[in-house]
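A.B. asks: Here it is, the structure in full.
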Amino acid sequence: MATKEPEHEHREDEEAPAAEDEDTGAQVAPIVKLEEVAVSTGEENEDAILDLKSKLYRFDKDGNQWKERGAGSVKLLKHKETGKVRLVMRQSKTLKICANHLVLPTMTVQEHAGNDKSCLWHAADFADGELKDELFCIRFASVENCKTFMETFQEVAESQKPKEENKDASAAAESLEKLSVEEKKAEDKAGEAVATKEEKETEADTEKKDGETASST
């Protein structure tokens, strides 16, 4: 009895191996060519005095409640030429500005009642593209960071005072000096006038006496 051959036979010799990809040396240029774009943050001419991670809130007067502005790094930046210092804070993920204002001599920062990791201050803020009077509250991860912020903020505010005060003092000194010079000139003129008057009176008295003597003889 004949054995039945398997229906499927291995035909390795008939199947050609798959051809490997050949390197033709051709280069395909990208459809869109991307160019490097210089991104300006506006902080190139400023030095960072302070840089701390925090969360910022603003007081909503209409709703009578605190609203979160964002979490990120708060910076105090000093301009290299003018010496002015501004506070800038950006959200960590979107880099959107949530605070942007100058630190002025009249500003004061205060502790938040009941939370030693937070503090408050008023500012004319420009984060939304127009000046707005805002009440800010900022919260830090530690008490030390909050104290560092408050101390640095207050030092910066006070450092802006001497320039204005010295300017006013110099102007006042110049005005006083001018007044003193003018008063001295006026006194000198008055003295000269009195001396001239006395001399004239003396001469008149002398002439009168000489006249009386001559008439008596």
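A.B. asks: Could you pull out which residues in the range 80-110 have an amide N less than 17 Å from a spot 7 Å beyond the Cα of residue 151, following the Cα-Cβ vector?
C.D. replies: Residues passing the 17 Å test: 109-110.
A.B. asks: Based on the mean of other Cβ atoms within 10 Å per residue, sort peptides 111-119, 73-81 so the most packed one is first.
C.D. replies: Highest-to-lowest ranking by the protection proxy: 73-81, 111-119.
A.B. asks: In addition: Distance cut-off 28 Å, Cα to Cα: go down the list 53/78; 93/132; 67/147; 33/78; 33/55; 53/84 and report the pairs above it. Mind showing how you got there, number by number?
C.D. replies: Details: 53/78 18 Å; 93/132 24 Å; 67/147 23 Å; 33/78 38 Å; 33/55 40 Å; 53/84 22 Å.
Cα-Cα > 28 Å for 33/78; 33/55; rest within.
Where a number appears in this text, it was derived from the coordinates with a stated rule and is not lab data. Just so it is clear, the model here is predicted, and its values are computed rather than measured. Backbone-built Cβ (ideal geometry, glycine too); neighbour counts: all protein chains shown.
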